[in-house]
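The values are calculated or read from the model by the stated rules, or taken from the named source; none is laboratory data. All values reported here derive from a predicted model rather than from experimental measurement. Here the Cβ is made from the backbone with ideal geometry for all residues, glycine too, and neighbour counts use every protein chain on show. Just so you know, the surface numbers come from the protein's heavy atoms only, side chains and all, with ligands and any DNA or RNA stripped out. Shrake-Rupley method; radii C 1.70, N 1.55, O 1.52, S 1.80 Å.
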Amino acid sequence: MKIPAGTVLPFAPWVAPKAALRGVQDITSESALAVIRAAGASATCEWFEQPIDHKNRSMGTWQQLYCVNPQWWVGPGSPVVLMTPGETPITTAINSARGYTYLSNTTLSGAYAEALGAAAVVVEHRYFGGSSPYEGFDSETLQYLNMEQAAADMVNFAQNVAFPFDEEKSSVASKAPWLYWGASYSATLGSWIERFHPGVFYAYHLSSATVEANTDNWYYYDTIRKGIDSYRKDTSCSLALTEVVEFVDSFLLASPVNSTEVDALKQLFGATFPIADDDFAYAIATPFRYWQETGGYRDVLEMCDVIVSSQETEENKVLGTVPASVATYAAYFRINFRDSTCTYFDVWGQEDPLWCLNTHDLLNPFFEARTLGNPWRTWYWFLCNEPLASWATGAPEGTPSIVSRRIDPHYWQRQCEMHFPPENGQRYGSSNGKTPDGLNSRTGGWLRNSTRVIWTSGEFDPWRATGMSSEIRPGGPLQSSDNVAVFLIKNAEHADDALTARGLANLKMKVNPEVVKVQEQSIELMKRWVSQYLLGEQGK
C-alpha cells in the first residue's frame, strides 16, 4: 500500500499540528493537552523559538517544545539541569504514568535538580515529537537535522530562555551553572555540545555516549554475548547461540545459495511470507535488541533458559537433522517474537508479521512515511548523514557470533538510499563522501579532552565499545582525573544509571547497588563542581 508523503501514520507519537502551549487559552490541540497532562501539575510546558539554520537566520524560525519543573529551584541564579530525550518525543521523557519522568527524582537528572536546588528541564529535539521546522521529511528538508544545528539549539536555549518563574533570566547559562544530562544519543549530543561550545554548560553527565563512530560495530552483539555468560555464570547459552548462527549461516552464506534449503530454513523460524535473506537474518536477531532496553536483558536470559534446557533435535526433510539449539531457538522465536516484532509500529492490518523488516520494498510504510509519525526515519538520517553509523553486525570469522554474519555494514548502509533518495539535488552525508572517521576527526572521538564531564557506561552495555570506557580505545579506557570522571558500572546495561531507585521501584524492577553507588558518587561530584562555580562567582 503506497502511503502519500505527508501522511501521519497511526503509530505517530504526535498526531496534531503544533499548537501554542503558553497560556491555557491558546491550547487548541489534543496532543498539546496530552503533553501538559503528562508533565504534571508542578511543571510548565512552553514553546521556545529557534532558527531553522543557526548559521543563516534568514531561513526563518520554528517552535521547540520544552517542559520545566521549578520544584527544587531555590531562586534567582540557581542552577538548571537540562536533558533532551533525543530521538524520541518529549512525552516519553515526562510522562510519570510510565513510572518515571525526567522532571522528577525518579530519574538521575531529576535527582540532580533536587540535590543542587535546580530547575529540571526537558527539551524536545528538533525534528522529533511536535518540535520540527517541517512536517514532511526528505533529503531536502532534513538538511537542517545535523550535529551542529542540534547542538546549537541547546546552546541557544540555555543562553536565552526566559522561564515563567524567572522572566528576568537570572538563571540563563551566562549567569548560573547549567548541567547537561544525557543518555545514549542524547549523551552523544552532549559530548558534541561540550566539544563545539565549551563553557556554555558548566558540567555534564553523559551515560552511554557514542564518542567514536565506526562502520562495523560487531562489538554490540559481542558485548551481549559476554553479558549472557556473566549473568548465567557459564557459557552454555552463548555456545548454543553460536551453534544456531553456524547452522543458519551454513545456508545463508553458502556458495552457491540453495534457495530450496533457505526457504525451508525461513519456514522453520516461522517466516511464512517472502522475506529477503538479509532481512531474515536480522529478523531472527531481533530478540537481542531487547537487551539495551530497561530491564530487557531478562528477556534474553529467559530465552537462554529455554534453549539450554532442550536436547531434542528435529528432523527436517530439506534441512536434515536440526540441532536442538536451532530447533528450540526457532520455536521460541516463532512463539515469542515473530508476531510482536512489528506490532510496535501499530500499522494497519499488515498480513506479514515481519512486514516492517522488509528493506527491499520502497513502498513499505517504514520507508514511505515521511512525516512526524515515523520517528525512526529521522533517527536513521543521523546514522546516514553525519554519519554516526556504528552499524551493529555479526562478529568477524574467528570470533563467536550470536547473530548471523549476513548482518553486515552493507545491510544497514543500503537502507540509507531507501530512506533518503535525492530531493532537489540534496542528499545524505555518507552518499557525498562523509565517513565516521571524518566525524571522529571533527568531534575528537576517543582522544578528545573534556572538562567537568562524568562519563558512565554499563559493563554489559552493547554501546560500551563506542564510549570512553571502551577497552578497544587506544591506550585503554579513559582514566578519571580532577575534571573528568569515568565510571564503568558492574553488572549494568545500557544507560542503567538513568533511573533512580524510586523510578525502578515504580517499575517493580530490582535495584543494582553498583548503579546506586555510581549515582551517589556522581551527585556528590556534581555538587562539588557546582559549589566551585558558586564560590567563584561570589569571589568576583
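See the values below:
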quantity	calculated
Top-ranked residue of region 84-98 - restricted to ones that are open to solvent by 10 Å² or more (accessible area, probe 1.4 Å) and small (Gly, Ala, Ser), ranked as nearest to MET526 (Cα to Cα)	SER96
Neighbours by Cβ (under 8 Å, 6+ apart or cross-chain): first from region 80-96, farther than 14 Å from PRO70 by Cα; second open to solvent by 40 Å² or more (accessible area, probe 1.4 Å) and in a loop (DSSP other than H, G, I, E, B)	THR88/PRO13; PRO89/PRO13; THR91/PRO13; THR92/PRO13
Filter result (in contact with a helix residue (DSSP H, G or I) (Cβ under 6 Å, 6 or more places away or on another chain) and charged (D, E, K, R)) within region 266-317	LYS266, ASP277, ASP278, ASP279, ASP299, GLU312, GLU314
Set ARG406, ARG452: member being touching a residue at least 24 places away in the same chain (Cβ under 8 Å), basic (Lys, Arg) and touching a strand residue (DSSP E or B) at 6+ places or on another chain (Cβ under 9 Å)	ARG452
Pairs, first farther than 22 Å from ALA203 by Cα and of a type in the set (A, V, I, L, M, F, W, C) in region 485-511, second crowded, with 17+ Cβ neighbours inside 10 Å and at pLDDT below 95, C-beta under 6 Å, six or more apart	LEU507/GLY99
Residue that is farthest from ALA495 (Cα to Cα) [pool: residues in region 263-306 that are among the aromatic types (Phe, Trp, Tyr) and open to solvent by less than 10 Å² (accessible area, probe 1.4 Å)]	PHE269
Test: residue in region 393-410 that is farther than 14 Å from TYR282 by Cα, in a loop (DSSP other than H, G, I, E, B), small (Gly, Ala, Ser) and open to solvent by less than 10 Å² (accessible area, probe 1.4 Å)	no
Among residues of region 280-310, those that are in contact with a Ser or Thr (Cβ under 9 Å, 6 or more places away or on another chain) and outside any helix (DSSP H, G or I), counted	3
Count of residues meeting criterion [aliphatic (A, V, I, L, M), surrounded by 24 or more Cβ atoms within 10 Å (Cβ to Cβ) and in a loop (DSSP other than H, G, I, E, B)] in region 444-494	2
Test: residue in region 31-50 that is touching a residue at least 60 places away in the same chain (Cβ under 8 Å), surrounded by fewer than 24 Cβ atoms within 10 Å (Cβ to Cβ) and charged (D, E, K, R)	yes
Scope region 226-256; condition open to solvent by 70 Å² or more (accessible area, probe 1.4 Å), of a type in the set (A, V, I, L, M, F, W, C) and more than 30 Å from GLY458 (Cα to Cα); matching residues	LEU253
All positions within region 173-199 that are open to solvent by 20 Å² or more (accessible area, probe 1.4 Å) and assigned to a loop (DSSP other than H, G, I, E, B)	SER174, LYS175, SER184, HIS197, PRO198, GLY199
Which numbered condition ASP408 fails, given (1) at pLDDT 95 or above; (2) more than 25 Å from PHE269 (Cα to Cα)	(2)
